[in-house]
Structure formats: C-alpha cells, structure tokens
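Visitor: I have a structure I would like to understand better, so I am pasting it below and will then ask my questions one at a time.
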Amino acid sequence: MKLNGVQDIVLQTPETQREIFEFVFEDTLLALSFVANIALAGLTILFIVAMARGVTDPRTKLIVVATMLISIVSISSYTGLTSGLTLRFIEMPAGHPLAGEEVLTMWGRYLTWTFSTPFILLVLGMIAGSNLTKILTTCAMTIAMCVTGLAAALTTSSYLMRWWWFVLSSTFFLVIVYVILVDWTREAERTGTSDLFTKLKILTVVGWFGYPILWALGVEGFALLEVWMTSWGYSVLDVITKYIVTVLIVLYVIDEPETITADADYGSTLKGVGAPADD
Ligand code: RET
C-alpha cells in the first residue's frame with residue numbers, strides 16, 4: 001500500500017503486527033523516519049562513550065549517564081515503531097476529519113516520551129543548578145503530559161474527549177515551559193551556566209512546542225498532514241531536542257568546569273563511600 005494522501009492510509013481491520021510491519025516498509029519515507037533515528041541514537045551513544053570516558057566527577061557523571069539514557073530510550077522507542085509493535089490502526093470518532101476511518105497511530109511515541117523526557121529535564125535542571133523539588137516537579141509534569149497525550153491519541157469514544165486530553169496535556173506542558181523560562185533561567189545565571197543554558201533553553205522550548213503543533217496538524221488532530229510527514233516532523237524534532245542537545249551538553253561538561261562539578265561525595269548515601277577513588 002502506498003501513502004500518497006491521507007485517504008490512502010486507511011486499511012481494513014483487523015491488521016496483524018506483521019501486516020503493520022509490512023505497511024511501514026512499503027512506505028520508504030515512513031520507514032526511514034524510524035530507522036534514521038535508530039542510527040542517530042546509536043551514534044549519539046557512541047559519541048558520549050568516546051567523549052566522556054575520562055570523566056571522574058560524580059555530578060558530571062550523572063549528567064553524562066542521563067544524556068545517554070535519553071538515546072537508550074530512543075533506540076527502544078524507534079525499534080518498537082519499526083517492528084510494528086507500537087503502531088495501530090485506530091478508528092476515528094464522529095467529528096474527526098477522518099471519522100469512521102482507520103488511521104495509523106504511532107502510540108509508541110507518546111509512551112516512550114514518558115521515559116525519555118524526564119532525563120532531558122533532569123539534565124537541564126542540573127545544568128541550571130536547580131533543586132530537587134523543581135527537577136522532580138518538571139519530571140512528574142512531563143510524565144503526566146505524555147500519558148495524557150497517549151490518552152488523547154488512543155481515545156476513540158468522542159472527538160471532544162480527544163481534544164480535552166490534549167488540553168490537559170498542554171497544561172502540564174506549560175508548567176514545564178514556565179519552570180525552564182523563569183526559574184531555571186534565573187538559576188543558571190547564578191550558577192554561571194547561562195551561556196550553555198540559553199542555547200539549550202531555545203532548542204528545548206522551541207523544539208518541544210513543535211510536538212503539540214504536529215499532533216494538532218497530523219492525523220491525530222485536524223488531519224492536515226499525511227502520516228509520513230507527521231512522522232518525519234517528530235523524527236526531526238527528536239534530532240533537535242535529543243541528539244543536538246546531548247552533544248552540546250556533553251561537549252560542555254567533559255571539561256568538568258566548576259559550574260558543573262560537586263564534591264566527591266555527591267549523591268553518595270554514606271560519607272566517603274562511592275567517591276571516585278573507590279570505583
Ligand atoms: C502531545 C499532545 C498533547 C499535547 C502536548 C503534547 C506534547 C508533547 C511534547 C513532547 C516532547 C517530546 C520529546 C521527546 C524526546 O524524546 C503529547 C504531542 C503538549 C512536548 C522532547
């Protein structure tokens with residue numbers, strides 16, 4: 001089946017996972033939007049391992065490990081999409097532009113963002129020098145945002161309810177944007193990491209706004225974009241918000257500047273244990 005228009009993504013139910021897998025690979029552009037990200041996530045992990053080998057400071061190490069986890073989640077996420085495991089054809093409710101038709105939903109994306117975005121926020125918060133309360137708040141908010149986003153994509157009972165989930169999800173999103181733009185910007189100035197933080201902030205806030213916009217324009221929302229376009233849109237945003245952000249962070253922290261490092265006991269549960277010398 002070829003994807004030449006939104007109408008063409010309609011399939012007869014029920015589809016097996018094998019059929020969905022074949023459907024993905026019959027559309028080269030759609031398959032490439034998945035496979036390219038598996039490759040990029042792999043390269044990013046290799047880059048981190050190569051660049052951060054010599055890091056000794058525990059706080060710097062935590063930042064490095066968290067950046068690596070973003071790409072580790074990403075490889076799993078895109079493998080789920082490529083294999084057809086986390087894709088489904090879902091019938092849209094009355095009121096939706098494709099009402100009554102089965103459209104391809106990449107629900108695995110929303111699910112796996114639940115696991116990747118907290119690591120992004122952990123790293124951003126640590127670079128700003130923020131406290132645990134604010135970091136955990138943004139992590140909880142992003143989990144809530146992704147789970148309600150997943151609910152929006154999977155709700156088939158009512159078109160209105162899909163958008164209500166979207167509104168809920170966006171509310172959580174705005175809390176995150178507020179913390180980044182207001183609290184963390186101020187804290188980064190005090191910490192002395194403003195140079196890096198300003199770049200990360202722009203990439204993150206602008207990039208993250210792209211996701212709900214794509215959701216609204218894609219088949220999940222107003223169905224103005226074809227499936228492969230939406231998929232490429234998310235894949236490109238992922239490159240900006242994950243891999244580019246990761247590279248900037250790793251290049252900055254591997255020099256272990258004073259603005260990033262903490263004492264050898266950082267994060268240990270017992271004084272003197274777990275310091276680098278004991279490794
Ligand atoms: C959804 C739809 C509902 C409303 C909102 C959304 C926001 C999603 C965002 C995702 C960010 C993902 C990232 C992934 C990196 O691995 C769920 C699309 C607000 C902001 C950065």
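Read the figures in this text as sums done on the coordinates, not as results from a lab. Computed from a prediction, not measured in an experiment: that's the story for all the values here. Heads up, the Cβs are rebuilt from the backbone with ideal geometry, glycines too, and the neighbour counts pull from every protein chain shown.
Visitor: So if the hydrodynamic radius of region 126-190 is defined as the Kirkwood radius over C-alpha pairs, what does Stokes-Einstein give as its diffusion coefficient at 10 °C and 1.306 mPa s, in µm² per second?
Guide: The estimated diffusion coefficient comes to 125 µm²/s.
Visitor: Between rounded, prolate and oblate, where does the chain land on the alpha carbon gyration tensor, with a ≥ b ≥ c its root eigenvalues, rounded for a/c under 1.5, else prolate if a/b exceeds b/c?
Guide: prolate
Visitor: Based on the Kirkwood radius over alpha-carbon pairs, what is the Stokes-Einstein translational diffusion coefficient of region 54-154 at 4 °C with 1.567 mPa s viscosity, in µm²/s?
Guide: Rounded to a whole number, D works out at 84 µm²/s.
Visitor: Let me ask you something else. Hey, if you put +1 on the Cβ of every Lys and Arg and -1 on every Asp and Glu Cβ in the chain, which of Leu160, Phe115, Ser268 ends up farthest toward the positive end of that dipole?
Guide: Ranked along the dipole, the leading option is Ser268.
Visitor: Give the angle, between 0 and 90 degrees and rounded to the nearest 10, that separates the Cα long axis of helix 107-128 from the longest principal axis of the Cα atoms of the chain.
Guide: Helix 107-128 sits roughly 20 degrees off the main axis of the chain.
Visitor: For the chain, take the longest principal axis of its alpha carbons; what is the angle in degrees between that and the long axis of helix 227-238, to the nearest 10 within 0 to 90?
Guide: 0 degrees
Visitor: Could you give the nm distance between label points at Glu256 and Val205, where each point is 7 Å from its Cα heading toward the beta carbon?
Guide: A separation of 3.4 nm, rounded to one decimal place.
Visitor: For the pair Thr269/Leu43, report the inter-label distance in nm, with labels modelled 7 Å from Cα in the Cβ direction.
Guide: The modelled label-to-label distance comes out at 4.0 nm.
Visitor: For a paramagnetic label modelled at 7 Å from the Cα of Ile143 toward its Cβ, which residues of region 38-68 fall within the zone defined by backbone nitrogen distances under 19 Å?
Guide: Taking a point 7 Å out along Cα→Cβ of Ile143, the residues of region 38-68 whose backbone N falls under 19 Å are 66-67.
Visitor: Please check which bits of region 59-89 a label hung off Thr156 would reach, taking the label as a point 7 Å along Cα-to-C-beta and the cut-off as backbone N under 16 Å.
Guide: In region 59-89, the label zone of Thr156 (backbone N under 16 Å from the point 7 Å along Cα→Cβ) covers 86-89.
Visitor: Still on this structure: If you wrap a convex hull around the C-alpha atoms of region 177-279 and split its volume per residue, what is the figure in Å³?
Guide: 148 Å³
Visitor: Using the beta-carbon distance between Leu85 and Leu132 and R0 = 22 Å, what value does 1/(1 + (r/R0)^6) give for FRET efficiency, to the nearest 0.05?
Guide: Efficiency, from the Cβ-Cβ distance: 0.05.
Visitor: Rg and Dmax of region 11-61, using alpha carbons, in Å: what are they?
Guide: That works out to 18.7, 56 Å for Rg and Dmax.
Visitor: Helix 28-51 sits at what angle to the longest principal axis of the chain, using alpha carbons and giving 0 to 90 degrees rounded to 10?
Guide: Between helix and principal axis, roughly 10 degrees.
Visitor: Just how large is the dipole of the chain about the Cα centre, in debye to the nearest 20, putting +1 at every Lys and Arg Cβ and -1 at every Asp and Glu Cβ?
Guide: 400 debye
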